[in-house]
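This report concerns only the one structure given below.
Values in this text are rule-based calculations from the coordinates and carry no lab data. Just so you know, these numbers come straight off a predicted model, no measurement behind them.
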Amino acid sequence: MTLDSVDIFRYRLPLHPSPLLDGARARHREGAVLRLETRRGAVGWGEAAPLPGFSDEDLPTVLRQLRRLRAPLRQRTLPDIGTNGHVPWTAVPGEKDLAASARFALETAILFVAADAVDRSPPQVLAESPRPAVSLNALLDGDPDEVEAAAESLRDDGYRSVKLKVGRDDPDHEAAAVKILSETLGPGVTLRLDANRRWRFEEAVAFADAIRAVPIEYIEEPLADPSRLGDFARQSGLPIALDETTREMSPGRLPECRFARAVVLKPTLLGGLRATARWSRAARRLQMTPVLSASFEAGIGTQAVLALAASLGARDTPAGLGPYRRFEQDVLAPRLDLRGPTVDVRPVFSGDHVVDADALEAVAGS
């Protein structure tokens, strides 16, 4: 399987409602797209979309790195997928220096071109028996009235899991809002909370005390000082999920965080498919739940996260693909149908969704 062409594009797509990213409302999402094609016509696409406020790299850095990869990738022979179905990962000169989102794009493109070459779906290449359907976790963000109205709709639509952003208001006020949300959702829907490290220890404890009677699945990263997460877990009794912490340590250090109930895995931020798989295995060994989650990727990146959720995610654990619904336009046509509460995996990779050339701009010098 020899690569014949390597092309790089960029996109800029409108978002609505505008999410809060890096302290400001983001009305657009920008990213890069890598396209690989073999001599026999198999094609694979990968997406690199650094997330403002969370990624260490920016888009210009990613574009420079992808341009440097073009020559080493061209005419490179990738091992064919064997009967064991393993992805033909192979060393690429310069690969070790790639930023996280650029590596995600490269590995996704290799996975997708390998799957196309043998007429399989990416989930079927990643796992012998991928899940045929994946539950989705709905994302709520906004003022309390908007959140309550949206929660009623999500409950009626059959969602089993809802995630609410917290940490942006007085802890007592937010605790009151969480109580109302929990009552609105009812006992059939699990509630996840995400504070994005916004609270001091005392604020987080006050919040935990105020919601002690509210059943939640977990709260992600409540503390501005993550070194005290273990203390907070013991004092509050709340189930904790790691997110930002995963970008500050290796999977081998996960036993230091035995207090955690779950580990949120975002391939764009973790550095690709292989890194995400290592984290998933480490979490499972410690009986922590791996939760696959998007980072506001467009359709190509979202497909890759879904492939991982179908192959790596814990059974019946909802994946966080809600950010995709904020895209008013996409690089894929037609758009992915991720309205939930579950998504059938096969149609997402059936070939009906093709890359819309009008949504992409070729990168000069690529």
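Over the range 3-127, calculate the relative contact order: mean separation of alpha carbon pairs under 8 Å at least 6 apart, over the residue count, as a percent.
Details: 228 pairs, mean separation 35.3, N = 125.
About 28 percent, as a whole number.
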Placed amide H near residue 164: partners under 5 Å, 5+ positions off or other chain: 140, 192, 193, 194
The range 50-67-the range 92-162 distance, computed between alpha-carbon centres (Å): 20 Å
Taking a straight Cα-to-Cα line shorter than 23 Å from residue 266, and setting aside same-chain lysines fewer than 8 residues away, one finds 96, 163, 165
Note on the range 133-354: contact order normalised by length, alpha-carbon pairs under 8 Å, 6 or more apart, percent, works out to 21 percent
Projected area, mean over directions - the range 3-127, Cα convex hull, nm²: 8.3 nm²
The range 97-243: spread of alpha-carbon positions along the three principal axes, whole Å, largest first, is 55, 41, 25
Of all DSSP beta bridges located in the chain, what percent are antiparallel, nearest 5? 55 percent
Rg/Rg_ref, the range 299-366, where Rg_ref = 2.2 N^0.38 Å and atoms are Cα: 1.23
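Counting each pair of different Cα atoms once, what's the Kirkwood radius of the chain in Å, rounded to one decimal?
Working: mean 1/r = 0.0477 Å⁻¹.
When all Cα pairs of the chain are included, the Kirkwood radius is 21.0 Å.
Relative contact order for the range 114-252 using alpha-carbon pairs under 8 Å, separation at least 6, rounded to a whole percent?
Details: 186 pairs, mean separation 25.5, N = 139.
Result for the range 114-252 is 18 percent.
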